[in-house]
Amino acid sequence: MAKPTGEPLPFGAGDALAYAPAPESTEHVQLDERYGLFIDGAFKTPRSRRFFDTVNPATEQTLARVARANAADVNDAVNAARRAYERHWSPLKPAERGKYLYRIARVLQERAREFAVIESMDGGKPIRESRDVDVPLAAAHFFYYAGWADKLPYAFPGASPQPLGVAGQIIPWNFPLLMAAWKIAPALACGNTVVLKPAETTPLTALKLAELCRDIDLPPGVVNIVTGAGATGQALVAHSDVDKLAFTGSTAVGRDIQSALAGRRTRYTLELGGKAANIIFEDAAIDQAVEGIVNAIFFNQGHVCCAGSRLLVQESIAKDVLRKLKRRMQSLIVGDPLDKNTDIGAINSKAQLERIKAYLELGRADDLASFQTETSLPATGYWCAPTVFTGVAQSHRLAREEIFGPVLAVQTFRTPDEAVSLANNTPYGLSSGVWTDKGAKVFQISAQLRSGVVWANTFNKFDPTSPFGGYKESGVGREGGLHGLSAYLDVQDAAGRGRA
Amino acid sequence: MIDLTTLEGADSSDKVRRLCAKARRLHAEMPGLPHVAAVCVYPQLVGVARDALADTGIHIASVATGFPSGQIERAHKLAETRRAVKAGADEIDMVISRGRFLAGDLRYVHDEIVAVKDACGDAHLKVILETGELGSLDQVRRASMLAMHAGADFIKTSTGKIQPAATLPVTLVMLEAIRDFEEKTGRQVGMKPAGGISKSKLALQYLVMVKETLGNRWLTPEWFRFGASSLANDVLMQLAKQETGAYQSADYFSRD
């Protein structure tokens with residue numbers, strides 16, 4: 001034992017019970033000052049010659065400058081994808097395609113820390129989430145679809161599934177890398193090539209994924225990444241040589257895409273907004289349900305299309321649940337996304353923060369009772385304290401419109417029928433949650449809920465094997481699982497009739 | 001927050017005296033360390049501990065009521081409790097009658113805790129649920145509520161004689177019961193996970209769970225205890241590592 005110093009140890013000094021900061025290091029992260037467009041296996045200067053800043057929403061500092069692709073750039077990317085489809089990718093033995101996907105998955109795992117840190121820097125989400133959810137799930141999607149690459153005939157017995165060609169894919173800013181994986185993995189496994197447009201505010205992990213594709217010697221042109229804003233996406237949608245369009249984002253943009261594609265042979269899948277009901281029955285495990293409510297609406301700052309943004313709680317336990325929820329919310333740590341203790345990170349962009357604030361104003365203007373986590377928010381960056389509105393009615397906009405922020409609207413119900421009717425009274429239908437200790441009730445209620453996913457006694461659980469998608473204005477088509485394959489295949493039965 | 005414990009059939013007066021010496025001064029090379037919260041022994045050895053710990057402020061806890069199985073007559077349980085208190089125990093760690101509890105005879109278990117609490121007088125009562133024998137988290141919750149309503153000052157997971165002893169899920173359920181009980185009755189009850197917590201890292205996980213579930217008010221020896229003797233040496237080892245940058249051999253720390 002080393003000699004004692006004789007100094008008394010600092011027991012009881014200061015607030016010994018406070019959490020010390022535990023920031024994840026950014027030293028290992030290498031970002032270029034400027035990123036071109038990833039076309040035909042290499043980064044190219046955009047024909048547009050224009051670049052835009054991508055900003056860390058927690059510090060408002062610019063992380064890098066990123067190319068803004070115009071229609072000519074998009075055209076280059078689509079042409080590269082077409083060439084790669086015809087020369088390399090569709091003739092390749094399916095088992096070989098699978099090997100490339102396994103390689104992407106493995107290298108993603110190897111570089112998980114780097115991807116997680118960049119995801120948190122660019123998007124503002126807590127490192128705990130990017131490290132434990134986004135990156136591992138992204139790798140899991142590549143692993144899962146890698147396995148299907150040489151087994152497609154078994155997925156559709158009696159049919160001979162064929163790739164569609166070039167897939168144009170437009171993804172949102174809430175799960176940038178994960179959405180890229182959801183889109184790219186099944187497309188490639190089925191033999192298609194890809195032009196992917198990441199969201200304007202979060203392009204960095206997609207560009208890192210482009211580097212990864214280059215590093216593992218994926219044939220040039222199989223994956224192309226074009227960065228930019230709405231106009232870039234429009235150019236991709238408008239391009240006549242795109243065989244399939246996959247979009248995840250807002251319902252408004254989804255509608256525009258649908259009308260732009262009307263009358264064209266381009267196939268499409270849309271994964272759009274949501275206003276999910278999270279239903280808590282009086283026989284639920286209350287503490288568990290409270291954790292579920294927190295996870296449902298405050299996960300990723302509420303920037304989740306399937307977020308449980310409407311809480312329907314049975315009247316007899318409403319007081320208890322709200323008291324416990326309030327108490328639980330008080331222990332949520334809002335702040336530096338790179339701190340491993342952080343529960344709620346930064347709002348993704350200034351524009352999104354303004355939208356959320358407008359809804360908070362709306363709730364106040366409607367005289368709704370509300371409570372908010374008491375927390376000191378950092379001076380710079382975009383922040384929103386977790387907020388709950390109670391006594392909300394179906395006629396309130398807070399109950400009807402997707403806010404995409406940490407804002408929960410609470411309603412009570414008396415009977416199961418009332419719960420179902422409230423839950424279904426929305427133009428959306430992406431997800432919902434049911435909390436009860438009775439298995440029979442889970443089945444009875446979930447069979448009546450008109451949403452693509454129903455979680456029972458949990459929320460926001462994802463798995464590559466499970467299909468995901470919406471009813472009504474929440475979208476068209478399914479991603480994930482076996483269903484996710486058919487979105488990227490032309491499936492003919494023995495008589496040559498298309499099935500999809 | 002640590003209770004140093006020796007509860008062996010082979011316990012001797014000397015062994016208890018050694019344990020008490022350790023309780024007073026955990027590690028000679030580190031002056032200024034706080035002492036442990038309590039020393040926990042069998043009733044027969046309370047007197048020895050009392051003599052060894054006079055005027056130190058360290059509590060003496062005694063197990064009672066037919067520890068660890070609780071399979072004796074109630075009259076004997078009460079007599080044993082009274083004897084331990086009389087010999088100088090500040091805290092009584094009783095075991096519940098798991099047989100009766102599992103048979104659904106909650107009234108019996110409740111009344112027994114009330115009677116033991118009465119026999120304790122001024123001594124604090126910790127009620128050991130022996131969660132490893134209860135079979136489900138629902139039962140843990142039920143037993144926690146029962147013990148608190150019957151007057152427990154502390155609820156404690158295990159005797160340390162049955163596996164599994166304390167686990168994080170069981171402790172969480174008990175902490176949530178404590179929280180709900182306080183919200184309902186206004187009475188604060190303490191928590192003691194015991195058995196199997198021998199590493200500092202695991203202890204930290206418990207402390208975070210207490211902080212998150214119950215808040216800072218519980219993070220004092222008055223309301224939270226670890227029943228884990230070997231934990232103390234691991235904490236010392238981590239402190240030495242923090243100071244010197246290297247782990248020391250276990251032989252540099254006294255094992256009493």
Alpha-carbon gyration tensor eigenvalues x 5, square-rooted, for the protein assembly as shown, Å: 57, 30, 24
Whole-number percent relative contact order across chain A, with pairs defined as alpha carbons under 8 Å at least 6 apart: 17
P(r) tail fraction, chain B - alpha-carbon pairs more than 24 Å apart, %: 45
Helical contribution to [θ] at 222 nm, DSSP H n ≥ 4, -39,500 (n - 2.57), averaged over chain A, rounded to 500: -11000 deg cm²/dmol
Under Karplus coefficients 6.51, -1.76 and 1.60, residue-wise ³J(HN,Hα) of the range A:246-254 in Hz, glycine/proline x: 10, 10, 10, x, 6, 5, 4, 5, x
For the range B:98-107, 3J(HN,Hα) per residue [Karplus equation, 6.51 cos²θ - 1.76 cosθ + 1.60, θ = phi - 60°, Hz, x = Gly/Pro]: 5, x, 5, 4, 5, 6, x, 8, 5, 4
Net charge, A:Thr202 excluded, C-beta distance under 12 Å - Lys, Arg +1, Asp, Glu -1: -1
Options A:Pro219, B:Gln205, A:Asn424, ranked by Cα towards positive dipole end of the protein assembly as shown, top entry (Cβ charges): A:Pro219
Within a Gaussian network of chain B (alpha carbon springs, distance under 10 Å), most fluctuating of B:Ala194, B:Ala150, B:Ala54: B:Ala54
Long-range amide H partners of A:Asn278 with built H, under 5 Å: A:Arg310, A:Leu311, A:Leu312, A:Gly433
Neighbour-count ranking [beta-carbon atoms within 10 angstrom, fewest first] of A:Lys324, B:Lys211: B:Lys211, A:Lys324
Under 5 Å, built H, 5+ apart or other chain: amide partners of A:Gly429: A:Lys275, A:Tyr471, A:Glu473, A:Ser474
Residues with amide H under 5 Å from that of B:Leu125, placed H, sequence gap 5 or more: B:Ile92, B:Asp153, B:Phe154
Total formal charge among the other residues, if their Cβ is under 10 angstrom from that of A:Arg82, Lys/Arg +1 and Asp/Glu -1: -1
Helix A:71-84 vs. chain A, principal-axis angle (Cα, 0 to 90°, nearest 10): 70
Structure-based [θ]222 nm, chain B - -39500 (n - 2.57) summed over DSSP H runs of at least 4, per residue, nearest 500: -14000 deg cm²/dmol
Cross-link partners of A:Lys319 among aspartates and glutamates (Cα-Cα below 12 Å; sequence separation of 8 or more within a chain): A:Glu282
The range A:132-234 shape via C-alpha gyration tensor axes, a/c threshold 1.5: prolate
Gaussian network model of chain B, Cα within-10 Å springs - most flexible of B:Ala52, B:Ala152, B:Ala240: B:Ala240
Shape of the range B:146-214, Cα gyration tensor, a/c cut at 1.5: oblate
Chain B - percent relative contact order, Cα under 8 Å, separation 6 or more: 17
Tensor-based shape of the range B:115-233 (alpha-carbon gyration tensor, a/c under 1.5 rounded, otherwise prolate or oblate): rounded
Sum of side-chain charges, B:Ala61 neighbourhood, beta-carbon under 13 Å (Lys, Arg +1; Asp, Glu -1): 0
Given A:Lys340/B:Lys201; A:Lys183/A:Lys461; B:Lys211/B:Lys241; A:Lys326/A:Lys441; A:Lys99/A:Lys197, the pairs whose alpha carbons are separated by over 20 Å: B:Lys211/B:Lys241; A:Lys326/A:Lys441; A:Lys99/A:Lys197
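Every number here is computed from the coordinates shown, using simple stated rules; none is lab data. Here the structure is a predicted model, which is why all the values come from computation and not from measurement. Please note: Cβ atoms are built from the backbone with ideal geometry, for glycine as well, and neighbour counts cover all protein chains shown.
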